[in-house]
Amino acid sequence: MRRKNLSEKFTHKRIWLLISFFFAIATLPTSFNLTPLLADKGPTWYGIDSSWAFTLNFAIFKNWVWGKDIVYTYGPLGFLATRIGYHIPALSFIIFDAFLVANFFIVFNDFLSKSKDKFLALLFIIFNILLIRIHTQVGVAWIILFFNCFWLNKAAEKFRFNLYIYIAILTTASFYLKLNTGLIGIVLFVSLLLFLNFLREITFKQTLSVLFLPFVFILALSFPFHVNLPGYLSGAGEHIKGYQEIMGLSSDVSGWTDGMTVIFGGMILLLIYYFIFLVKQKKYSNLLHISISAIYIFVLRKQAVIRSDEQHMMEFFAYAPLILLIQNRSFTSPGLQIRHLKISLLIALSCLLLKSSRITVSEVLLSIFQTPKNYVNSFRNRNSIDYFGQANKRYIPERILTAINHHTVDIFPWDIQYLLQNKLNYQPRPVLQSFSAYTPNLQKLNLEFYRQHPPEFIIYDYDAIDNRNPFNDECALSLFIIKNYQIADTFYSNERWRLLLKKKKQLSTVIYTRIKVEKINLNHNIKLPFNCSFVKVFVNHTSLGKLRNLLDKLPLVQLSYKAENGAWRSHRNSSELLKAGAFTGKFITDNYDFAQLFSEPESLKNITELVVNGDLRYFEPLVQIEYYKTNAFDIGESSTHSSQILNSIFEEKYFFNLNNEKVIAIWADPIQSKPMLLKKGKYKLTLKLKGTPAGNIFPHINLYINNKKIGEMPSASFYQNFEFNFEVKNTQKSMIKIQMDNDLSIPSSGEDRNAFFENITLSLEQ
C-alpha cells in the first residue's frame with residue numbers, strides 16, 4: 001500500500017511537471033523577429049518607436065559605445081525586449097527564450113506544488129499567461145525583474161552560493177537589457193543580503209562572499225558589450241529624471257486609470273494584511289516577500305502613471321499579477337492560502353477584463369497555437385532592414401539621396417528610420433531623438449558632439465510631441481545648427497515638408513551674452529528685455545511637489561509666449577527643460593518659420609512676453625530667470641540653395657508613367673504644387689513640356705505663381721524648354737499652378753489633348 005501511494009505521488013508530480021512545462025511553453029513569444037509597422041501617413045510621432053527600437057540593433061551592428069555614442073535606458077541587450085532580429089544571431093534569441101521558458105517552468109511548478117487548491121492555482125496561472133500574451137510590447141524587462149524577485153525569495157530560504165551566482169547573472173542581464181529595472185534588481189539584491197545578515201540568517205562572511213557578484217559581472221561584461229559604465233549610468237539616470245516630469249499625459253485610456261488605481265490599491269492592502277500576519281507569526285524573514293512585491297508593483301504603477309498611455313498601462317495589467325505567484329509560499333494554513341488564491345484570481349481577472357478590450361482572449365489562444373509556426377518563420381528575413389516590403393514608407397527623393405551620397409547625416413526630431421531604410425551614412429548624436437533630450441546634461445551631450453563631430457547633412461522637420469515646443473527640445477543645439485548650417489534643399493515626404501541642411505565650411509561658436517538675472521513670480525507676465533533670444537528658467541519644487549513627484553507625477557509646467565502682434569502660444573514644459581534653456585527670439589509656429597531663421601529672421605514676429613505657469617502647491621512661487629542675447633542669427637554665408645528640382649513637391653496623383661518615364665501630366669484640371677518657402681529675390685523657373693493634340697491643336701499652358709500669371713507656353717509633339725523669370729518681394733510661402741486652357745477630347749477619333757512635363761526646375765538668380 002505504501003509503495004502504491006509513493007507511485008501515485010510520483011505520477012502526480014510528473015503530471016504537474018508536464019502541466020508546468022506546457023504552461024511555460026505557452027508564455028513563449030510568438031516570434032523573435034517582430035516587424036514594427038511603419039506609417040507613411042498621419043502624425044510624425046508614428047515613427048518614434050520603430051526608429052529607436054531598430055537603432056538599438058544598428059548600434060550593435062556598428063559597434064557603438066553605450067554611454068558615449070548612444071545614451072539611452074535600453075542597453076546592448078535591449079534587442080531581447082524589442083525582439084527585432086536585425087543582425088542578431090538567431091541562437092541569441094533561442095537561448096534567451098529557452099531561459100524564459102525554463103524560469104517560468106520553475107515558477108509555475110513551485111507555485112503548483114505548494115498550492116493546496118490545484119484548480120484555483122491552475123486557473124491563476126492560465127490568467128497570467130493570457131495577460132502576458134495579450135501584451136505584445138517590450139515588457140520583457142518586467143518579466144526578468146519578476147524572475148529576480150522570485151529567486152531572491154528562494155535565496156532567503158537557505159544560503160546557496162550557486163543560487164546567488166545565478167541571481168547575480170540575472171541582475172546583470174537586466175542591467176544591460178534596460179537600466180531602470182537593472183538598478184532595481186541591484187537594490188533588491190543588496191537589500192536581501194543586508195536584511196538576512198541583520199536577522200543573522202546568514203553570516204557576515206557569507207554576505208561578503210556574494211555581495212559584489214553583480215558588480216563584478218557588470219564590470220566584466222562592459223568590455224565585450226562596448227559599454228562606458230560611467231556614461232551608461234549617468235546618461236540613463238538623466239533619462240529617468242527627465243522623463244519623470246515631461247512625459248506625463250492627462251488622458252485616461254478606456255477608463256484604465258481608475259481600474260489601475262483600484263487594482264494597485266487592492267494589491268497594496270493585500271500585502272499590508274500579509275505583512276501584519278507574518279509579523280504576528282514572527283516569520284520575519286518572510287517579510288522580504290512582501291517588501292519585494294510592494295516595490296515591484298509600485299515601480300510598475302509609477303511607470304504607467306507617468307506616461308498614462310496604452311502601452312505602459314497595459315504593462316501594469318500584464319505583469320502586476322505575476323508577483324502574487326510568490327505570496328502563497330509564505331502560508332502553511334490551507335484556508336489562508338486558498339483565500340489568497342481567490343483574491344489573486346479576482347485581481348488577475350480584473351486585469352484580464354480591462355486588457356481584453358484591446359485584444360480578445362480567443363485571439364490570444366489562437367496566437368499561442370500558432371507560435372511554433374511563427375517562431376520557425378522568424379529565421380527568415382531577420383537581417384532585412386526593409387521590414388518585409390515597407391521600404392518605401394520612409395521615402396526620400398532621389399535627388400536628396402544623391403546630394404547626401406556617402407556623407408554623414410543626422411535627422412531631427414526623431415525619425416531615424418528614414419536614414420536606415422535609405423541606407424544613408426547615419427551619424428547619430430548621443431541622445432538619438434530630440435524629444436528624449438529631457439535635461440540640461442543630455443542636451444549638453446548632443447551639443448558637444450555637434451561641436452566636435454558635426455554631420456555633413458541634417459534632415460530637419462520642426463515637430464514635437466505632446467504640445468511641446470520643438471525648438472526647446474534641444475534649444476542650444478538648434479541655435480548651433482542655425483548658425484552653422486544652411487538650407488541645401490527641401491522636399492516632401494510622408495505628408496510633411498522637410499529641410500535638407502548642409503554644414504558650412506567654417507564652424508562658428510554661438511555666443512551667449514547674459515543681459516540680466518531676476519526673480520519673477522510664477523503665473524505672471526514677464527516682459528522680455530530688448531534683443532533677448534534665449535532664457536534659462538529655474539523652477540523649484542515645494543516639499544509637497546517633491547513628495548508627489550516621488551509617489552505619483554507632477555502637474556505640468558507651461559511656458560506661454562506672446563508675439564508682438566498679440567498672438568499667444570502655450571507649450572508644455574518641465575523644470576529640467578526650462579533649466580536647459582528656451583528660445584525667445586522669434587515666434588516660430590512651423591517648418592516654414594524655422595526655415596526663415598536661416599536667411600531672414602527679421603521677417604518673423606518677435607516674442608515680447610512670457611508666462612511660466614505652474615501649480616503653486618507643487619512649485620515655489622518665485623522663479624529665477626536669466627536673459628541672454630546670442631549671435632546665432634549673424635547669417636554670414638548664403639543659406640538658401642540656388643536651385644531645386646520641383647517635381648517632388650507635386651502630389652503623386654499628378655504623375656504618370658509615359659513610355660516608362662515618370663512625368664507630370666495635365667489631363668484637364670489645373671495642377672498646383674504644395675507650398676514651398678521662397679526667400680526674397682529674383683527667380684528663374686524652367687519647364688520641359690510636350691503635349692498630345694486633339695483636332696490638330698496642341699495644349700496651351702498658363703503658368704501662375706501664387707495665382708499671379710507669369711507666362712504661357714504652347715506645346716508640341718516633342719519636349720521643349722521654357723524659361724520664366726519672376727521676383728519675390730518678401731520671403732513667403734509660394735505655390736506654382738499650371739493650367740491648360742484648351743482641353744479637348746474627341747471620343748470618335750480617340751484623340752485627347754494632354755500636356756506632360758519631364759522636368760521643372762527653380763533657380764534663385766544670384
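Derivation of every value follows stated rules applied to the coordinates shown; laboratory data play no part. These figures come from a predicted structure and were not determined experimentally. Backbone-built Cβ (ideal geometry, glycine too); neighbour counts: all protein chains shown.
Annotations
- Interchain or long-range residues, amide H under 5 Å from SER493's placed H: ARG498
- Principal-axis tilt of helix 229-246 within the chain, Cα atoms, nearest 10 degrees: 80 degrees
- FRET efficiency, 1/(1 + (r/R0)^6) with R0 30 Å, evaluated for THR509 and SER570 via beta carbons: 0.40
- On Cα atoms only, tilt of 256-280 relative to the major axis of the chain in degrees: 20 degrees
- Computed [θ] at 222 nm, helices only, for the chain once each DSSP H run of length n ≥ 4 contributes -39500 (n - 2.57): -14000 deg cm²/dmol
- For the chain, DSSP calls about 90 percent of its internal beta bridges antiparallel.
- Taking only the C-alpha atoms of segment 391-503, Rg followed by Dmax gives 13.3, 37 Å.
- What the Cβ-Cβ distance of GLU398 and GLU518 gives, at R0 = 60 Å and to the nearest 0.05, is a FRET efficiency of 0.65.
- Counted residue by residue at 0.36 nm each, then reduced by the alpha carbon distance between them, the extension gain from SER367 to GLU602 reaches 78.7 nm.
- Using only the C-alpha atoms, the convex hull of segment 643-765 corresponds to 97 Å³ per residue.
- Cα-Cα over 18 Å, subset of LYS423/LYS444; LYS302/LYS342; LYS679/LYS733; LYS653/LYS679; LYS708/LYS729: LYS423/LYS444; LYS302/LYS342; LYS653/LYS679
- Acute angle (nearest 10 degrees) that the helix 213-222 long axis makes with the longest principal axis of the chain, alpha-carbon atoms: 30 degrees
- Separation between Cα centres of segment 223-282 and segment 606-624, rounded to whole Å: 29 Å
- Geometric extent, Cα atoms of the chain - Rg, Dmax (angstrom): 31.3, 109
- A Förster distance of 41 Å, applied to the separation of the beta-carbon atoms of SER234 and LYS733, puts the FRET efficiency at 0.40.
- Inter-label distance, nm, simple model (7 Å from Cα along the C-beta direction), ASN721/ILE15: 8.9 nm
- Counted by Cβ distance under 15 Å from LEU193, the other residues give a net charge of +3, where Lys and Arg count +1 and Asp and Glu count -1.
- For segment 196-337, alpha-carbon Rg relative to the globular expectation (2.2 N^0.38 Å, N residues): 1.34
- When the pairs LYS504/LYS629; LYS114/LYS178; LYS154/LYS205 are compared against a 30 Å limit on Cα-Cα distance, LYS114/LYS178 fall above it.
- Sum of side-chain charges, THR692 neighbourhood, beta-carbon under 12 Å (Lys, Arg +1; Asp, Glu -1): -1
- Net charge of neighbours whose Cβ lies under 11 Å from the Cβ of ILE607, counting Lys and Arg as +1 and Asp and Glu as -1: +3
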